[in-house]
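Notes follow the structure.
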Amino acid sequence: MPNSYFQFKQFTVHQENCAMKVSTDAVILGALVNEAFPTRILDIGTGTGVISLMLAQRFQEAKILGLEIDQPAFEQANENKNNSPFKDQIEIHHLSFQEFSKKHTESFPLIVSNPPYFPHHNKSKNVQRNKALHNDELSFGDLIKGVVKLLDKNSGAFWVILPPRQMDDLEKIAAFFGLHPKDFFELRDRPSTKVLRHIKSFTFTESLKPTPSLITIKNDDSSYSKVYQELLKDFLLIF
């Protein structure tokens, strides 16, 4: 059973009321986003609030808005940010991304998401976990259409993490709406194992197809890799 909280160097994330606990996906995305000095950040599907908290620590001049559709997760994310040193930087809103994107008119220079991606037919009996994991609440089409509406047209970037096949699906939809990949990372557990996740940024500027940079969590001897340690040294207590 996962711990009821996850202790970072500068904040604590309680997670007992969230279907999606603090994950490697979330901390990798929160640490990897490399846009320069974003002033406003949108975190779609904030869950525990961990990505918003990491980005607040990294970009201390930025105002961050997290969206969460699940009521218990929304309340817990709010609690986590209120108990952190970054409470004045972050707002958490309880509504769907579709509803938010219809009403909101201001653009964001940076949008991030660790989105649900499982198809509906793989559902369990846990309704809250289904909402967090399955994309029938937020399809890739709805995600991209909302991002296209809200992302700054000149220099905005959308960062997302997904398994490779799902990233291919999302990239096709993004291309149809004029979003193109800029940064590209492959995540593996060890150098000799398969690719677990793709992390990509998308912008409205079309450029050469990016070459992936490799991130491995561990070396083949099971020690943490230097790349992973360097990426998360400001956040994880083990480094």
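Which of the residues belonging to region 219-232 are outside any helix (DSSP H, G or I) and either more than 19 Å from V195 (Cβ to Cβ) or open to solvent by 50 Å² or more (accessible area, probe 1.4 Å) (or both)?
Residues of region 219-232 outside any helix (DSSP H, G or I): 219-225.
If the condition is that a residue be outside any helix (DSSP H, G or I) and either more than 19 Å from V195 (Cβ to Cβ) or open to solvent by 50 Å² or more (accessible area, probe 1.4 Å) (or both), then N219, D220, D221, S222, S223, Y224 are the ones that fit.
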Restricting to region 1-49, name every residue that is open to solvent by 20 Å² or more (accessible area, probe 1.4 Å), of a type in the set (D, E, K, R) and part of a strand (DSSP E or B). R40
On the given criteria, is S192 more than 20 Å from L110 (Cβ to Cβ), open to solvent by 60 Å² or more (accessible area, probe 1.4 Å) and among the small types (G, A, S)? yes
Any idea which of (1) in contact (Cβ under 8 Å) with a residue 60 or more places away in the chain; (2) in contact with a Gly (Cβ under 6 Å, 6 or more places away or on another chain); (3) among the polar types (S, T, N, Q) is the one S84 doesn't satisfy? (2)
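The values are calculated or read from the model by the stated rules, or taken from the named source; none is laboratory data. Quantities reported herein were computed from a predicted structural model and do not represent experimental measurements. FYI the Cβ positions are ideal-geometry reconstructions off the backbone, even for glycines, and counts take in every protein chain you see. Remember, those area values only see protein heavy atoms, side chains included, never the ligands or the DNA or RNA. Shrake-Rupley method; radii C 1.70, N 1.55, O 1.52, S 1.80 Å.
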